[in-house]
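Participant: Structure below; questions to follow.
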């Protein structure tokens, strides 16, 4: 595995122990970021995606994805780590259907893996490449998020497929574009800056 920001900054020589500590710390960071939000329905806008991009870029592909897997597991078993200090996979009035934001939880892991992979491949050495990586991560997390939300609208709200897709795009994609572009920029610049600082 290539050296990452996290492995260089963490003074723990035992690889397994270091990865456990980093995964726990990363999942707590993401949980904390999820609570800083602008309340929109059905998907709140938060600093969560910023934390996801930072964790992915700092941890690398495998540990980044594993950290997001741990975060999802923490929420699934009842820890209040999701936006609004919520937990659980299913909503109280729809025990048969995962909630509308579950696609984004999957998307977070995919985004962290992608950004981490590109950072490990050396993109973290270049501002333009790292910004491309974080923007790609910010975009790719929407794919499972929007697909699942459209399915949820059809199953839970009885919408047609076309109306569900339109509602997902206009309701939880378009309003977030500017904010997510800003978060991707902050993440990319922060990762390159931290990496450059380590090399000095």
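The values are calculated or read from the model by the stated rules, or taken from the named source; none is laboratory data. Since the structure is predicted, the reported quantities are computational estimates derived from the model, not experimental observations. Neighbour counts are summed over all protein chains in view; Cβ atoms, including those assigned to glycine, are modelled from backbone coordinates with ideal geometry.
Participant: So which of 105, 110 ends up being at pLDDT below 95 and assigned to a helix (DSSP H, G or I)? Explain how you work it out, then say what you get.
Facilitator: Numbers: 110 fails: at pLDDT below 95.
Result: 105 is the single residue among 105, 110 that is at pLDDT below 95 and assigned to a helix (DSSP H, G or I).
Participant: Failed condition for residue 78, given (1) assigned to a loop (DSSP other than H, G, I, E, B); (2) modelled with pLDDT under 90; (3) touching a helix residue (DSSP H, G or I) at 6+ places or on another chain (Cβ under 9 Å), with all others met?
Facilitator: (3)
Participant: Next up: Only one of 131, 97 is more than 13 Å from the chain's Cα centre (by Cα), in a strand (DSSP E or B) and in contact (Cβ under 8 Å) with a residue 24 or more places away in the chain; which? Before the answer, list the steps.
Facilitator: Numbers: 131 fails: in a strand (DSSP E or B).
So the residue among 131, 97 that is more than 13 Å from the chain's Cα centre (by Cα), in a strand (DSSP E or B) and in contact (Cβ under 8 Å) with a residue 24 or more places away in the chain is 97.
Participant: Considering every residue within the range 147-167, establish whether at least one is free of Cβ contacts under 8 Å to residues at least 24 places away in the same chain and under 19 Å from the mean Cα position of the chain (by Cα).
Facilitator: no
Participant: Same structure, new question: Taking residue 40 as meeting all but one of (1) touching a helix residue (DSSP H, G or I) at 6+ places or on another chain (Cβ under 7 Å); (2) assigned to a loop (DSSP other than H, G, I, E, B); (3) modelled with pLDDT of 90 or more, write down the number of the exception.
Facilitator: Checking residue 40 against (1) touching a helix residue (DSSP H, G or I) at 6+ places or on another chain (Cβ under 7 Å); (2) assigned to a loop (DSSP other than H, G, I, E, B); (3) modelled with pLDDT of 90 or more, the one that fails is (3).
Participant: Further question: Working carefully through the options 51, 33, 65, find the one that is in contact with a strand residue (DSSP E or B) (Cβ under 7 Å, 6 or more places away or on another chain), under 23 Å from residue 124 (Cβ atoms), in a helix (DSSP H, G or I) and at pLDDT 90 or above.
Facilitator: 33
Participant: Given the residues 84, 116, 56, which is the only one that is at pLDDT below 95 and either assigned to a helix (DSSP H, G or I) or farther than 26 Å from residue 10 by Cα (or both)?
Facilitator: The conditions single out 84.
Participant: Hey, residue 195 hits all of (1) surrounded by fewer than 16 Cβ atoms within 10 Å (Cβ to Cβ); (2) under 28 Å from residue 5 (Cα atoms); (3) over 19 Å from the mean Cα position of the chain (by Cα) but one; which does it fall short on?
Facilitator: Of everything listed in (1) surrounded by fewer than 16 Cβ atoms within 10 Å (Cβ to Cβ); (2) under 28 Å from residue 5 (Cα atoms); (3) over 19 Å from the mean Cα position of the chain (by Cα), residue 195 misses just condition (1).
Participant: Now for a different question. Kindly provide the set of residues from the range 134-173 that are surrounded by fewer than 17 Cβ atoms within 10 Å (Cβ to Cβ) and outside any helix (DSSP H, G or I), ordered by number.
Facilitator: Answer for the range 134-173, where residues must be surrounded by fewer than 17 Cβ atoms within 10 Å (Cβ to Cβ) and outside any helix (DSSP H, G or I): 158, 160, 173.
Participant: Check 140, 177 and return the single one that is without any contact (Cβ under 8 Å) to a residue 24 or more places away in the chain and under 16 Å from the mean Cα position of the chain (by Cα). Let's see the steps before the verdict.
Facilitator: Values: 140 fails: without any contact (Cβ under 8 Å) to a residue 24 or more places away in the chain.
Going through 140, 177 in turn, the sole match is 177.
Participant: Continuing with the same structure: Among the numbered conditions (1) part of a helix (DSSP H, G or I); (2) at pLDDT below 95; (3) over 28 Å from residue 171 (Cβ atoms), tell me where residue 1 comes up short.
Facilitator: That leaves (1) as the condition not met.
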